[in-house]
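What follows is one structure encoded as structure tokens, with my remarks underneath.
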Amino acid sequence: MKAIDCDTHIFEPRTMWRDYIDPALRDRALSIEDDELGYAWLTWQGKKLYEADVQYPGKPKRIGNARMRRRQGLQCDAPYDDTLPEDYWNPKARLARLDQFGVESSVIFPNYGLLWEDSMRDDVPALCGNMRAHNRWMADNARDGGGRLHGVAHLTLRDQEWSMEEIARLGRDGIHLAMTAPAPVDGKPLSHPDLDPVWSAFEEHSVAPIFHVGNFQGVLHPAWYEGDPDQADRVMDSIFLWVAPAVALANMILNGTLEKHPRLRIGVIELTAHWVPQFLLMLEGATGFYIARHGSFFTDLSLPPSEYFRRQVRVGALPYESPGNLISLVGEDTYMFGSDWPHAEGVADPVGVFENILPSDLGDTARAKLYSENFRWLLGEG
């Protein structure tokens, strides 16, 4: 069986952003710095954005214990550089790990790239500059992976000219996946006509926007986050991971974006998968009821709303969500195998865990689509 893991992460080196950013923006580059007690932090212009944790699948308490020591004013007893395994950051070492897992290839998302986007909302040039630095580094990782590591770029749509230029460059560099926030763009919904040229660029250069966990504008009202001191990894966002992509996709489907851009391929990864059956049901039911009440719909759609989702969206599933059952509800063409390795909520033996949870009567075609073929479609190979 050939398996492609649609969700793994590679850790950025301490000075990656400085090393890859345009020289004129070097003083606005992110970096990883140690504090006075020896704890590593993701920083920007002297501000601590987030603790630079070394994670291990299934072991979140190790992170909590280290943070408790820091809050107690105790010296770091496990320096960051001493505890970071080589296959977390070295693409060539990662290949040996894939061999151990029995995985043909894997997608590599950033690690710290999930934590800083919204922190730069008031400095768009720095936002774009640090994203471009990441994208250059990711292209090098993909090349070092010899075709087995599928790099994911990081894009903002706030500077439309920049985003279209960057999408074209990604296509030339062989990067066909780009992490894009499922959130409004300076108050505009993703279906806004002003963004149509960007969606056309994704189509033209065969780059798929990927909705993934990230530091983007929260989908809930700010009042619902009160009491949580963590601004980058809030518990309410974790509970409602699915809401942001569901809202973004409903907006793009119902307002005709996927109708106008039929070659646009969209991935939803690490934002859970369990919601899709009910979402498709409600998408059809609510639209039908709206038409019954109003006599017509506000957009001229040639397909039922759920068919746009089935045609153009693929969703990563984690094993705890019982992907076999989800396939029985939605069909074979939607879900993709993913581990979230090496994050604490990820799994240490991806194929083994999936094989233990998949039903024995899952057909060969469904199994092949889950493990690899649906992702190949997302990559533009299907």
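How high is the relative contact order of the stretch 150-300, in percent, counting Cα pairs under 8 Å that sit 6 or more residues apart? Intermediate results must be reported in sequence, preceding the final value.
Values: 171 pairs, mean separation 35.8, N = 151.
Relative contact order, the stretch 150-300: 24 percent.
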| request: Would you mind pulling out the separation of the Cα centroids of the stretch 329-382 and the stretch 123-172, in Å? | output: 26
| query | Cβ under 12 Å from T8's Cβ, T8 left aside: what net charge do those residues give with Lys, Arg +1 and Asp, Glu -1? | reply | -2
| field | the stretch 271-319, Rg to Rh (Cα coordinates; Rh as Kirkwood inverse mean 1/r) | value | 1.06
| message | Loop-only GluC sites (Glu not before Pro) in the stretch 164-270, please: DSSP not H, G, I, E or B, and at most 15 other Cβ atoms within 10 Å. | response | E226
| Loop-located GluC sites (Glu not before Pro) in the stretch 1-66, at most 12 other Cβ atoms within 10 Å (DSSP) | E36
| Helix-derived mean residue ellipticity, 222 nm - over the chain, DSSP H n ≥ 4, -39500 (n - 2.57), to 500 | -11500 deg cm²/dmol
| request: Under a cut-off of 20 Å between alpha-carbon atoms, report the aspartates and glutamates in cross-link reach of K2, not counting same-chain residues fewer than 8 places apart. | output: D99, E104, E332, D333, D340, D349, E355, D361, D364, E373, E381
| said: If I take R0 = 56 Å and measure r between the Cβ atoms of R293 and Q75 in this structure, what FRET efficiency does the formula 1/(1 + (r/R0)^6) give, to the nearest 0.05? | reply: 0.30
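Rounding to the nearest 20 debye, state how big the charge dipole of the chain is about its Cα centre with +1 on each Lys and Arg Cβ and -1 on each Asp and Glu Cβ. Working shown, then result.
Values: 37 positive and 56 negative charges, 35 e Å.
That gives the chain a dipole magnitude of about 160 debye.
Can you give the relative contact order of the chain as a percent, counting alpha carbon pairs under 8 Å and 6+ residues apart? Kindly include the intermediate steps, with their values, before the conclusion.
Numbers: 647 pairs, mean separation 74.5, N = 382.
Answer for the chain is 19 percent.
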| task | For the stretch 1-57 and the stretch 207-244, write down the distance between their C-alpha centroids in whole Å. | result | 20
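Counting Lys +1, Arg +1, Asp -1, Glu -1, what net charge surrounds Q312 among other residues with beta carbon under 13 Å of its beta carbon? Intermediate results must be reported in sequence, preceding the final value.
Values: positive: K260, R263, R265, R310, R311, R314; negative: E203, E259, E307, D333.
Net of charged neighbours comes to +2.
Using only the Cα atoms, work out Rg/Rh for the stretch 87-379, with Rh taken as the Kirkwood radius, to two decimals.
Values: Rg = 18.9 Å, Rh = 19.9 Å.
Reported Rg/Rh, Kirkwood definition of Rh: 0.95.
Quick note: the coordinates plus some simple rules give every number you see, no bench work behind them. Given the structure is predicted, the values throughout are model-derived calculations rather than measurements. Cβ atoms come from the backbone with ideal geometry, glycine included; neighbour counts cover every protein chain shown.
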